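Take a look at the structure below.
The values are calculated or read from the model by the stated rules, or taken from the named source; none is laboratory data. Here the structure is a predicted model, which means the values were calculated and not measured. Using ideal geometry, Cβ is built from the backbone for each residue, glycine included, and neighbour counts are taken over all protein chains shown.
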Amino acid sequence: MLDCSFTDVENKYGAPYYFIHRADLVKLLVTAAQENDRIVVRTGCRVESYDFGRPSVTLSTGETLGADLVVCADGIKSRVRDIINRRPLPPQDTGDVAYRILVPAAPLLEDPQMAHLVRDPWAVHWMGPEGHAVGYPLREGELYNIIIDVTHASDLGEPLPDEGQVWKSARSNAELVNRFKDWCPEVRKLCAMTGEYLKWKLADFDQLDHWVHEIGKVCLLADSCHPMMPYMAQGAAQATEDAAALAAALRACDSVPKALQAYEKQRKPRCTYVARNTRVLQQWLHLYDGPARDQRDQMMRRDHGGNPMFWGCSKRRDWLFGHDARRLDADMSIPAMPPMPPDEARVYDKMDDMRRKL
């Protein structure tokens, strides 16, 4: 039987597994940067243009900043990605929308049916037709974080515009309550607690041609070159690995262009593989009731390559958590992909067929 308790994660992989509020993580990073005399954090300005040969960036203030290397970590809507790859590479709609919700944990602790969600520091998944929810405690049990992902077709909330993120107020609480009215009591109660939440479209794109500009002095990092759905909780993790690998390459190589070549060679295949696996999980997490779902629930119990959950196979889990991005000579082999659901059960293939007909 499968053991996913993660109680040995620190001994086995060299670091603990943390649940952390995004704002707290940002604060830690900013504090660390401010304590380093060699780092200057600038806010209230945008990069207006790049000089890839020098290299340098010109800010909206009119100031031009030169450097030996420019790292573009400008997100999924990166302005540099198209230039480096010499073709338009817009984000692709994945078919899902996400709701991120934070609620106080005190009411959960007062409810005997819900208290375990806070007292036991686990990430709990609830899966159902065209949607799933994930919950876990934050700030030592002060808050409870809920992420709900559903297909566009089954979302009862107000449609999102094509661009940007939208905060929704408590008036839309009924939409989530109605959407999950037939789910288990825990999910129904969490939806009923919802006040303000953030809702956005999930997007990604397939592997890029290049992460590094041809001159060899400018590179992409994180979501600008490998955005991925949150279904493996690897977005921030892979961005951190990028930074570690880039720093290691700069120390090991005798020039910036050589370092960037080593960085791209190590990171691109790994991140592409992780991102593609989030698409596999998307299919399995959102199955309708039926034989494929029953098969999934049985396979999830066993530690083997046929387990549709990526971390449900110890070989894949070791590959994911045991990698040291600081080692340029690390084993770069890629595990076999988990299986996909049977063709007739795939929710997103049916949606694509419907779109083509329309």
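Return a yes/no flag: does segment 250-270 have any residue that is of a type in the set (D, E) and without any contact (Cβ under 8 Å) to a residue 12 or more places away in the chain.
yes
The single residue among D223, D242 that is assigned to a helix (DSSP H, G or I) and in contact with a Phe, Trp or Tyr (Cβ under 9 Å, 6 or more places away or on another chain) turns out to be D242.
Scanning segment 60-77 for residues that are in contact with a Leu (Cβ under 8 Å, 6 or more places away or on another chain) and either at pLDDT below 95 or closer than 17 Å to L260 by Cα (or both) yields L69, V71, C72, A73.
Considering each of D331, D349 in turn, give the residue that is exposed (fewer than 15 other Cβ atoms within 10 Å of the Cβ), under 24 Å from the mean Cα position of the chain (by Cα) and assigned to a loop (DSSP other than H, G, I, E, B).
D331
For segment 289-328, the set of residues classified as under 18 Å from G128 (Cα atoms) and surrounded by fewer than 14 Cβ atoms within 10 Å (Cβ to Cβ) consists of D289, G290, P291, D294, D297, Q298, R301, listed by residue number. For segment 4-51, taking the residues that are among the charged types (D, E, K, R) and in contact with a helix residue (DSSP H, G or I) (Cβ under 9 Å, 6 or more places away or on another chain), the one that is farthest from L65 (Cα to Cα) is identified as K12.
Take L108 and tell me if it is touching a Pro at 6+ places or on another chain (Cβ under 9 Å) and either in contact (Cβ under 8 Å) with a residue 12 or more places away in the chain or not basic (K, R) (or both).
For L108, the condition - touching a Pro at 6+ places or on another chain (Cβ under 9 Å) and either in contact (Cβ under 8 Å) with a residue 12 or more places away in the chain or not basic (K, R) (or both) - is met.
With the structure loaded, tell me whether Y18 is within 21 Å of A236 (Cα to Cα), surrounded by fewer than 10 Cβ atoms within 10 Å (Cβ to Cβ) and under 26 Å from the mean Cα position of the chain (by Cα) or whether it fails that test. So Y18 passes the test. Of the residues in segment 192-212, not one is at pLDDT 90 or above, closer than 24 Å to T94 by Cα and among the polar types (S, T, N, Q).
Only one of the listed residues (A15, A23, A73) is outside the structural domain of P137 (by TED's automatic domain parsing) and farther than 30 Å from R119 by Cβ. That residue is A73.
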